Structures are given as structure tokens and as C-alpha cells.
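Working notes, structure below.
The values are calculated or read from the model by the stated rules, or taken from the named source; none is laboratory data. On a predicted model such as this, the values are computed, not experimentally measured, just so you know. All Cβ positions, even for glycine, are placed from backbone atoms using ideal geometry, and neighbour counts span all protein chains on display.
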Amino acid sequence: MDIASLLFLAVMVEGIVTYVSSFCLGGKCQWKMLASMVLGIVVAINFEIDVFEFLGFESTIPYMSKILTGIIIGRGSNYVADFLKTVQNYMGNGSGKK
């Protein structure tokens, strides 16, 4: 694994942890955020969308990369657009595995 892949995964994990930690703030749960995450996961699994597979990462845990892809989808279009720009930069620099 090269340094760009490691940094990419680190940013991904940080983003997901930040997102999940904001579900319940001050004793009040954000049900819309939770619903969007669950729906994103269902969509990714149902349509077999796997951004990590596309980038050349191979998961040893069945469905893990599809679940993470679903969380990305559940964050919404602005986040997905930013994420796609990051992926394009990653792939454009020749760091991604094609």
C-alpha cells in the first residue's frame, strides 16, 4: 500500500467517525441522519455499489466496503461530490490501482 492510499483511508475513517458521532448530540438523536445512513447502506448493497473495489482496495470482510460506501452515499450529494473530487485527484495522480 502506498502513502496516498494510506492517507485516503485515514481521511475516510475520520469522516465516518465524525459523521457517526454527530448522531446524538446533547441527548437529542438526529433520526434523519441515521435514516439517511441506513438507506445509503441499503442502496449500496442492493445495487452492489463499492467505491473501494473501484479504487482497487480488497476487503477481507464480506460487505464491509459496500457498507462504508453506503455511509458515504448517506452523507448526501455535497459530501459525495467532494468525495468524488478526492477520488479523481487520487486516480489522476496515478496513485490509484486501475
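On the given criteria, is Asn89 surrounded by fewer than 13 Cβ atoms within 10 Å (Cβ to Cβ), modelled with pLDDT under 85 and not charged (D, E, K, R)? Against the criterion (surrounded by fewer than 13 Cβ atoms within 10 Å (Cβ to Cβ), modelled with pLDDT under 85 and not charged (D, E, K, R)), Asn89 does not qualify. Among the residues making up the stretch 2-59, those that are assigned to a loop (DSSP other than H, G, I, E, B) and hydroxyl-bearing (Ser, Thr, Tyr) are Ser22, Ser59. The condition (being over 20 Å from Gln88 (Cα atoms) and aliphatic (A, V, I, L, M)) is satisfied by just one residue among Met1, Met12, Met37: Met37. Only one of the listed residues (Phe57, Phe52, Phe47, Phe23) is hydrophobic (A, V, I, L, M, F, W, C) and either in contact (Cβ under 8 Å) with a residue 60 or more places away in the chain or in contact with a strand residue (DSSP E or B) (Cβ under 7 Å, 6 or more places away or on another chain) (or both). That residue is Phe23.
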